[in-house]
Amino acid sequence: IWLDAGKKGFLCPTAEEAYGGPGGDFLYSTVITEEMYYYGVSSLFFPLHNDIVFPYIELYANEEQKKRWIPGCVSGEKILAVAMTEPDAGSDLARLSTRAVKDGDYYIVNGSKIFISNGQLADLCVTAVRTADTKRPHDGISLLVIEADRKGYRRGKNLEKIGMHAQDTSEI
């Protein structure tokens, strides 16, 4: 379904043409979402991919990352997720316990996330981590893009939900 959506131009409509995107605006994305919901296709979480996670990559990735990630996000070969919620903290980022420690050009990340939409399928996960200890609980928090094929990245079980069964929700 994701690959077919990519072929039809339903993924990352704001992506620049230089990266394989249509170069549209947010209104185009809004029309896609509106039509999906009109036809009852609410369980495929394209809006999370297109409108919540992709803007982080579009706005903050460096050129090398954009060239590596955006074409796959547009084609459906790379599915996006965002991981902020934690088992002991919920979505309260002040209580965030996932830690990232710089090691050369990389970060070593330790922690767990829960209720991650697209978590079973995601190839790239924008992840909230604590990179510094500070006196103010909302300081020292960073967002890292973690590629799912990295050593130590593990998906937990797909969580049972009351509704939206076609949309996976996972532990990471």
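Some observations on this one:
- Cα gyration tensor shape for the range 84-172, rounded if a/c is under 1.5, else prolate or oblate: oblate
- When Rg and Dmax are taken over the Cα atoms of the range 1-102, they come to 15.2, 46 Å.
- Accessible area of the chain belonging to carbon and sulfur atoms, whole % at 1.4 Å probe: 54
- Between Ser91 and Asn158, the contour length at 0.36 nm per residue exceeds the Cα-Cα span by 22.2 nm.
- Rounded if a/c under 1.5, otherwise prolate or oblate - the range 30-90, Cα gyration tensor axes: oblate
- Computing FRET efficiency as 1/(1 + (r/R0)^6) for Phe26 and Glu147, where r is the C-beta to C-beta distance and R0 is 30 Å, gives about 0.70.
- Helical runs (DSSP H, four residues minimum) scored at -39500 (n - 2.57) apiece and divided by the length of the chain put the mean residue ellipticity at 222 nm at -6500 deg cm²/dmol.
- Separation of alpha-carbon centers, the range 115-161 and the range 1-34, rounded to whole Å: 25
- Put a plus charge on the Cβ of each Lys and Arg, a minus charge on the Cβ of each Asp and Glu, and nothing anywhere else: the dipole of the range 115-172 about its Cα centre is then about 200 debye.
- Glu64 versus Asp4: modelled label distance in nm, points set 7 Å from Cα along the beta carbon direction: 3.8
- For the range 59-129, the square roots a ≥ b ≥ c of the C-alpha gyration tensor eigenvalues yield an a/c of 1.5 or more together with a/b not exceeding b/c, which makes the shape oblate.
- Angle of helix 26-38 to the longest C-alpha principal axis of the chain, folded into 0 to 90 degrees and rounded to 10: 80°.
- Between Gly20, Gly152, Gly72, the GNM of the chain built on Cα springs shorter than 10 angstrom shows Gly152 fluctuating the most.
- Gyration tensor analysis over the Cα atoms of the range 95-135 returns equivalent ellipsoid semi-axes of 21, 15, 7 Å (largest first, whole Å).
- Given their separation in residues at 0.36 nm each and the Cα-Cα distance between them, Arg99 and Glu17 gain 25.9 nm when the chain is fully extended.
- Partner lysines whose Cα lies under 23 Å from the Cα of Lys102, excluding those fewer than 8 positions away in the same chain, are identified as Lys66, Lys113, Lys135, Lys151.
- Accessible area per residue, Å², the range 104-172 with all protein chains present, probe 1.4 Å: 64
- A crude spin-label estimate for the pair Asp139 and Ser42, with each label 7 Å from Cα along the Cβ direction, gives 4.2 nm.
- Given +1 at the Cβ of Lys and Arg, -1 at the Cβ of Asp and Glu and no other charges, the dipole of the chain around its Cα centre is 560 debye to the nearest 20.
- Packing here is the average count of other Cβ atoms within 10 Å per residue, and on that basis the peptides 92-101, 50-59, highest first, run 50-59, 92-101.
The values are calculated or read from the model by the stated rules, or taken from the named source; none is laboratory data. Keep in mind that what you see is a predicted model, and the values were worked out from it rather than measured. All Cβ positions, glycine included, derive from the backbone under ideal geometry; neighbour counts span all protein chains shown. Keep in mind that these areas ignore ligands, DNA and RNA; they rest on the heavy atoms of the full protein, side chains included. Shrake-Rupley method; radii C 1.70, N 1.55, O 1.52, S 1.80 Å.
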